[in-house]
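Colleague: I'd like to ask some things about the structure below.
The values are calculated or read from the model by the stated rules, or taken from the named source; none is laboratory data. The structure presented is a predicted model; accordingly, all values stated were derived computationally and were not measured. Backbone-built Cβ (ideal geometry, glycine too); neighbour counts: all protein chains shown. Protein only, heavy atoms only, side chains kept; ligands, DNA and RNA dropped before computing areas. Shrake-Rupley method; radii C 1.70, N 1.55, O 1.52, S 1.80 Å.
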Amino acid sequence: WHTAYWACAHQYSSVYDYCRFGIAVCRQYSSAYPSVSLSTPLPGIPKPVFASVDGHEKYETKITTLENGLKVASRNKFGQFCTVGILVNSGSRHEAKYPSGIAHFLEKLSFSSTAQFESKDEILLTLEKHGGICDCQTSRDTTMYAVSAEVKGLDTVVNLLSDAVLQPRLLDEEIEMTRMAVRFELEDLNMRPDPEPLLTEMIHAAAYRGNTVGLPRFCPPENVEKIDRKLLHKYLQSYYCPQRMVLAGVGIEHEQLVQCARKYLLNVKPVWSTSTPANVDKSVAQYTGGIVKMVKDMSDVSLGPTPIPELTHIMIGLESCSFLEDDFIPFAVLNMMMGGGGSFSAGGPGKGMFTRLYLNVLNRHHWMYNATSYHHSYEDSGLLCIHASADPRQVREMVEIITREFIQMAGTAGEMELERAKTQLKSMLMMNLESRPVIFEDVGRQVLATGKRKLPHELCELISNVTASDIKRVTMKMLRSKPAVAALGDLSELPLYEDIQAALSSKDGRLPRIYRLFR
């Protein structure tokens, strides 16, 4: 207490001296180094040692396959909390032989009543005892049930996950509540000011017309009443089998997780019986290209004190590659190099202000509201696309700006912009992998797709090895595919699909000229 008191007293006296006598008094403290500039290290001081990020993880990722084919993957991490979950190789792409929307329904029905738990509230109360939360997310190719809780509650967590995935009751009232939730979500999707989820849905439908990842991720309105318990059981019987599952955990001992998996997931009979899976869709994604248009009045999307102006949204995409191919890394670097975002962004280099879509598009064309690059990748195909939005009267000009950017990707990338994109990608990867739920998803998805996990330092090395010629090569390959186009809003000025295709096949990316007698 005395030490703290004198430290504070000295601090206040220094401030008092400074205020009373000015800079002269403060100079006496730094008189030992009177002529050393601030940019030079002080003599006699040990050289500082900075932390270096090499991507090497302190804990290894361990994988065990149980007798029934279920994979158990884990990576330890210091801390009293863990994230554990079951990932299933099941999503909207597997619904070719079923009405679309089953995966959407299962996401909404997750962690409802089960054989052991009477209701969702009972599940949440059980988790609360261990400081836990639960969540379920479905994508086009994966369904993920996850729980974050204290490590000492691991046994309870794995028991609960097993019950939620393999023993759901799917009661009539739960299915009815889910129908209401799905209808509300579909309404919200069409009304929200940010059209990005809707455009993503449209671009997939255009790029993979009627197959695999082109099937709707959200339940179509006409299918809401068709989905019932019998249909859900039929689907679950085909896809929710141990060979298509991974139990992943982060922040726990591997042996402990394997022990819990044997106890709760090895000899469990699912509620839909364990007959041999039938109707498993093994289709490979067929990229078709094409256009999906939705004429919509966007003038009153966001009213209020700062309304968003009426905009037309365009997304143009080309086929890239699957995440299993070597070219996946150059495509990820290319996507980072394109970057982009909204026309208003408070931030510097870390926010992507030096990416091509900022420098070449948003900085030069003030009337463009948005220009952002996205890369979607799956186990058998991929899609690199640019989303742009502007006033409906300038749609043609906006489309041409985007097609020119695609063509310019094939030019030689500058050394500095390439290094910046690679550094940004590596830093994003490493910063994301500091979060326990992100590590969990990374471990689970990689083991589900490939049976093993590529470690961050290996990925960083692959990113470092990308050259300008790699970027040029993957772009040339991408430009040979037919474009996929999604258009939303007032489309009176939208160029013809054939014109967009011609622009992406030309040398300069310009749309064919049109001559009008009257404007």
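Colleague: So what is the calculated 222 nm ellipticity per residue for the chain, using -39500 (n - 2.57) for each DSSP H run with n of 4 or more, over all residues, to the nearest 500 deg cm²/dmol?
Modeller: Values: 16 runs with 198 residues, N = 519.
The helix contribution divided over the chain gives -12000 deg cm²/dmol.
Colleague: Report for the chain the percent antiparallel among DSSP-assigned beta bridges with both residues inside it, nearest 5.
Modeller: Numbers: 51 of 62 bridges.
In the chain, approximately 80 percent of DSSP beta bridges are antiparallel ones.
Colleague: At 1.4 Å probe size, with the rest of the protein present, what percent of the exposed accessible area of the range 62-266 is carbon and sulfur atoms?
Modeller: Numbers: 4280 of 8090 Å².
Percent of accessible area from carbon and sulfur atoms in the range 62-266: 53.
Colleague: In whole percent, and with a 1.4 Å probe on the protein chains, what portion of the accessible area of the range 290-505 is carbon and sulfur?
Modeller: On the way: 5130 of 9460 Å².
With neighbouring chains kept in place, the figure for the range 290-505 is 54 percent.
Colleague: Tell me the Kirkwood radius of the range 62-266: reciprocal of the mean inverse pair distance over distinct alpha-carbon atoms, in Å.
Modeller: Details: mean 1/r = 0.0560 Å⁻¹.
Computed over the range 62-266, the radius equals 17.9 Å.
Colleague: For the peptides 212-218, 324-330, 486-492, what is the packing order when you average, over each peptide's residues, the other Cβ atoms within 10 Å and list the highest mean first?
Modeller: Per-residue mean Cβ counts within 10 Å order the peptides as 212-218, 486-492, 324-330.
Colleague: Considering every Cα-Cα pair within the range 218-286, what fraction, in whole percent, is farther apart than 18 Å?
Modeller: Details: 1354 of 2346 pairs.
So the pairs more than 18 Å apart make up 58 percent of the total in the range 218-286.
Colleague: Sort the following peptides by mean Cβ neighbour count (other Cβ atoms within 10 Å, averaged over residues), highest first: 131-142, 197-208, 281-292, 181-192.
Modeller: Working: 131-142: 18.1, 197-208: 22.2, 281-292: 16.2, 181-192: 13.0.
Those peptides, ordered most packed to least, come out 197-208, 131-142, 281-292, 181-192.
Colleague: While we're here: Please compute the volume of the convex hull spanned by the alpha-carbon atoms of the chain and report it per residue in Å³. All intermediate terms of the calculation are to be shown ahead of the outcome.
Modeller: Numbers: hull volume 125.8 nm³, N = 519.
Spelled out: Cα convex hull of the chain, divided by residues, is 242 Å³.
Colleague: Further question: What does DSSP give for the range 62-266 in terms of the percent of beta bridges that are antiparallel, rounded to the nearest 5? Don't jump to the answer; show the numbers that get you there.
Modeller: Working: 25 of 30 bridges.
Counting only bridges with both partners in the range 62-266, antiparallel ones make up about 85 percent.
Colleague: Per residue, how much accessible surface does the range 290-505 expose to a 1.4 Å probe? Answer in Å², no decimals. Don't skip to the end; give the middle numbers.
Modeller: Values: 9460 Å² over 216 residues.
Computed with neighbouring chains in place, this is 44 Å² per residue.
Colleague: I would also like to ask the following. Based on the inverse mean of 1/r over its pairs of different Cα atoms, what is the Kirkwood hydrodynamic radius of the range 290-505, in Å? Please report the intermediate quantities before stating the final value.
Modeller: Working: mean 1/r = 0.0542 Å⁻¹.
Taking the inverse mean of 1/r over all distinct Cα pairs, the range 290-505 comes out at 18.4 Å.
Colleague: If the cut-off is 13 Å between C-alpha atoms, which aspartates and glutamates fall inside it for K58, apart from same-chain ones fewer than 8 positions away?
Modeller: E434
Colleague: Another question, if that's okay. Can you list the lysines whose alpha carbon sits under 29 Å from that of K269, skipping same-chain ones fewer than 8 residues off?
Modeller: Hits, sequence-local ones excluded: K62, K71, K97, K108, K120, K129, K152, K226, K230, K234, K282, K452.
Colleague: Quick one: which of 72-82, 242-252 comes out on top by average Cβ neighbours within 10 Å, and what's the full order, highest first? If you can, show how the numbers build up before the last one.
Modeller: Values: 72-82: 19.3, 242-252: 24.5.
In descending order of packing, they fall as 242-252, 72-82.
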